[in-house]
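Here is the structure we will look at.
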Amino acid sequence: MGKIVRLFTCLLAIFFIFFASVPVSEGAERKANVIVDSMIYGEYEDNMFLVNALLLNQGEATATNFKYAGLSFADINGMDHSYPESSHTVINSSLKLEPGHFVEARFEIPLDFIDSRFKNLSDIRKISIAIIHDNAAPYKDDSAVTVTVNNKKLVQQTFVENGVTYVSLRELADVLGATIQWNDPTQTATLILRDNFMEYDRKIVIPVGSDRFIDLGRETTVSGKAKLYNNTTLVVPLRDIVEMLDYYVVFVHKGGQKTIIVVPNNLYR
């Protein structure tokens, strides 16, 4: 049966974040902090309603042994409807979600459950997915800032200056699967990312020493100037670049440390 995509139009950008964490052994200080972002749309397929979700580890330890603990729905009147079915006892027995990493998950809900409690999908205001997990391999990173993009930690020139987080443009491009064209006479870099869905190249023109980048043919003032680090490595303000490329930036502050996680925008709603 073909898929029919239905948007919960009345929900628009509303989503529910469920925090689930199982304490590690006594005396341990670092643990995983996995959030579940339940997307506000689903698909019909073979008498099932499929809910897509993003699992993102914002903690300091690897999350393991994920288990599904049920679903709950909130309707337009604020009433909750539980669905504690057990067909997803283990999301993925081999899944190990390291700090800063994310994974997509899909949950199936029989349509007869929804039909028995809701007149139509627009009556659903919130879907909450409950999970539990264990913690393993606590991480200790004394860096002032850590940046993870597409489940890969940036290890080159990553630093904060005047409140702006800078990263190596070359390393960022490699992680995103983009390419860079360099114009030596004008000291200008062009970041090119192929959009396979729309079948066109997204280009950002980045002049060295300037905070005015050209995105989609329009000049845009960004939060910091592109510059050469130690006269060798071109560094750029992270948030401005990735948001231009439709990525979502998650900030986590703990003590004097800053953790930045970059997730594709189509996953984080």
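The values are calculated or read from the model by the stated rules, or taken from the named source; none is laboratory data. Keep in mind the model is a prediction, meaning the values are calculated, not measured. Positions of Cβ are backbone-derived with ideal geometry, glycine not excepted, and every protein chain shown enters the neighbour counts.
At a glance:
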| quantity | calculated |
| --- | --- |
| ILE129 assigned to a strand (DSSP E or B) and in the same structural domain as ALA63 (by TED's automatic domain parsing) | yes |
| Strands (runs of 3 or more DSSP E) fully within region 136-197 counting 2 or more residues that are in contact (Cβ under 8 Å) with a residue 60 or more places away in the chain | 145-149, 159-161, 164-168 |
| Looking only at region 125-146, and only at residues there that are surrounded by fewer than 18 Cβ atoms within 10 Å (Cβ to Cβ) and among the basic types (Lys, Arg), the one that is farthest from the chain's Cα centre (by Cα) | LYS140 |
| Any hit, region 232-250, residues being within 23 Å of the chain's Cα centre (by Cα), in a strand (DSSP E or B), assigned by TED's automatic domain parsing to the domain that holds TRP182 and among the basic types (Lys, Arg) | no |
| Within region 110-124, tally of residues that are assigned to a loop (DSSP other than H, G, I, E, B) and surrounded by fewer than 14 Cβ atoms within 10 Å (Cβ to Cβ) | 2 |
| Conditions (1) modelled with pLDDT of 75 or more; (2) farther than 30 Å from ASP115 by Cβ; (3) β-branched (Val, Ile, Thr): number failed by ILE76 | (2) |
